[in-house]
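Quick note: the coordinates plus some simple rules give every number you see, no bench work behind them. Since this is a predicted model, take the numbers as computed values, not measurements. Cβ coordinates were reconstructed from backbone atoms using ideal geometry, including for glycine residues, and neighbour counts include every protein chain displayed.
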Amino acid sequence: MSVQALGRRWLARHSVAPSDQRSAMLLLTPMMLVLLAVAVFPVLYSFWTSLFDIHLTRMNSVSFVGLGNYFQTFRDPMFWAAVERTAWFTVVSVLAIMVIATLMALLLNQEFRGRRILSTALLIPWAIPYVVDGLMWKWIYDSGYGALNGLLLQLGVIGQYMVWLGDTHKTLALICNAFVWKEVPLATILLLVTMKSIPSDLYAAARVDGANLWSRFVHVTLPAMRPGFMLVMIYEAMMAVRHFDLFFILTEGGPADASHVLSWHIYVETFRNLSFGTGAAVAYVLALATFAMSYAIIRLLGKRL
């Protein structure tokens, strides 16, 4: 029997009958309708909203402005200041998460007493909702009874209680610390799974070639963990760029707009200034920036995969 005949027989045996395809599409229809209703329609409607000058204080004068809201956003100095703070927060947070999660994954990849207990305890910050996380860190940073002031005072680092969240030079770094504390566990798990998938034969071959611990880490572990690094970097960067909860709970954009990032800017434009058109435009700019950033990370880390 020829190869072509064998190929046709295999296709005939494994092809899906038209009736089965229709049944599958019929069963998937309710799910597709739900996705269209709760995901696709709001996205399209918000873009449509961004093309209008919609202000709740003057609903009788809604007008179509096209890309006017986007041009107005790009001319706003507060928007560019928010972009700068968001970029700083994202870069610092992602770098800190990557370094700490890599070290934690290397530790948990070793066999030692209490490893399971440490692995379980590591999940606690990740399991805590962001609202609880924000309230907890707000209590820790409190200027009157906060644990941070108490600890540093006992250690002799400071001579009196400090208003941590009231310092414009420290606020963004303190919020970044709370965000990193929450996100490190998930990043550690993802990197640990990637590390576990590295074949032990590679390490054995490296030892035979005389590679020491540092050489094995640089030439074996790091290249093999590229997929995990890419996944963690994309996820954490997206979380940091659009993060809102901690900024709302800890500082509400203050003090003196020191933590006025893009997500907070969208909230202010939409729910405080009641300018829904401008708020939707800023939200779309943030979404496009997030997609561009993710694409850049994939191109940078995925080109050798």
Vicinal HN-Hα couplings computed from phi for segment 73-82 (Karplus, 6.51 cos²θ - 1.76 cosθ + 1.60; Hz; Gly/Pro x): 5, 5, 8, 7, x, 5, 5, 6, 5, 5
Cα gyration tensor of segment 146-305 - equivalent ellipsoid semi-axes, whole Å, descending: 39, 26, 10
Stretch gain in nm, segment L153-A211, where the contour uses 0.36 nm per residue and the Cα spacing is subtracted: 16.2 nm
Neighbour-count order for W164, W214, fewest beta carbons within 10 angstrom listed first: W214, W164
Within a Gaussian network of the chain (alpha carbon springs, distance under 10 Å), most fluctuating of F112, F271, F229: F112
Over the chain: helical MRE at 222 nm, DSSP H runs n ≥ 4 each giving -39500 (n - 2.57), nearest 500: -21500 deg cm²/dmol
Candidates A224, A240, A121, ranked by Gaussian network fluctuation over the chain, Cα under 10 Å, top entry: A121
Tensor-based shape of segment 83-224 (alpha-carbon gyration tensor, a/c under 1.5 rounded, otherwise prolate or oblate): prolate
FRET efficiency, 1/(1 + (r/R0)^6) with R0 45 Å, evaluated for Y45 and E111 via beta carbons: 0.25
Residue with peak Gaussian network fluctuation, the chain [Cα springs, cutoff 10 Å], from V193, V232, V83: V193
For the chain, alpha-carbon Rg relative to the globular expectation (2.2 N^0.38 Å, N residues): 1.33
Between segment 209-270 and segment 157-179, the alpha-carbon center distance in angstrom: 20
